[in-house]
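Mind having a look at this structure? Questions to follow.
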Amino acid sequence: MPLLFCAVFGSLSLATCVRDSASDVDRECDHGAAPSAAETTVDEAKELEKLGAVATRLADEHGASLEAHEFIRGGTTATMLSCDLQEKLVRQDGKPSVLFCKIVDLARVGGAWQIEASARHAGLTLSLRLSCDEAVARRVLELREHLGDNAENGFAIVASFDAAERPVFALRPALDAGPSGAALRLNTDERAFLCRGRCIAIEHVGASMHVMF
């Protein structure tokens, strides 16, 4: 009987050790596993919080408005009109706006500097054409290793705007007329806008921008 008890106890102890060891391995593997959806959501929330802090600081430093930034974050619907965006960007009080964007190009135009940029979030795309002074242009040039189509190409800008409008859309023949019978269709996204103005300040924010693009 004592021998039988020892054998059973030993078997139970071995099973417990094996189970515990397996659990330890699982826990170790978890460290290298991809983050869960909940963890990803928390990370994105933290990134947006960081960007919000940057926007608030720039608004305080330059007497700028955050309305356009908050408007873009809200996205658009099919019923959005140009005047909805114009109200936020082409401001009656003359305040500049804080926006987050990717720099597409920097060029000399007629002896002056011009920035081409793209601001995008939740279905709304703003194509920004901004004049700037030499100091801002040189700052962009200093950071040009971050330019290009990648997640590091993130900038916060302070800019004043004098126009925000939908571009003239190119038409193309419809491959399928569909129920409407239309022979032509728009060849671009109707939620894209061309915004003209002047960049006052620029700051690189890097990979945090992935949550908005």
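Taken together, the values in this text are just the output of simple stated rules run on the coordinates, not laboratory data. The structure presented is a predicted model; accordingly, all values stated were derived computationally and were not measured. Glycine gets a Cβ as well: all are built from the backbone with ideal geometry, and neighbour counts include every protein chain shown.
Going by average Cβ neighbours within 10 Å, how do the peptides 127-139, 88-100, 104-116, 46-58 rank, with the highest at the top?
Answer by packing, highest mean first, reads 88-100, 127-139, 46-58, 104-116.
Continuing with this model, one more query. Given the Cα atoms of region 50-147, and with Rh set as the inverse mean 1/r over their pairs in the Kirkwood sense, what is Rg to Rh to two decimals?
Reported Rg/Rh, Kirkwood definition of Rh: 0.97.
Run the simple label-point estimate for V168 and A192 please: 7 Å along Cα→C-beta, distance reported in nm.
A separation of 1.6 nm, rounded to one decimal place.
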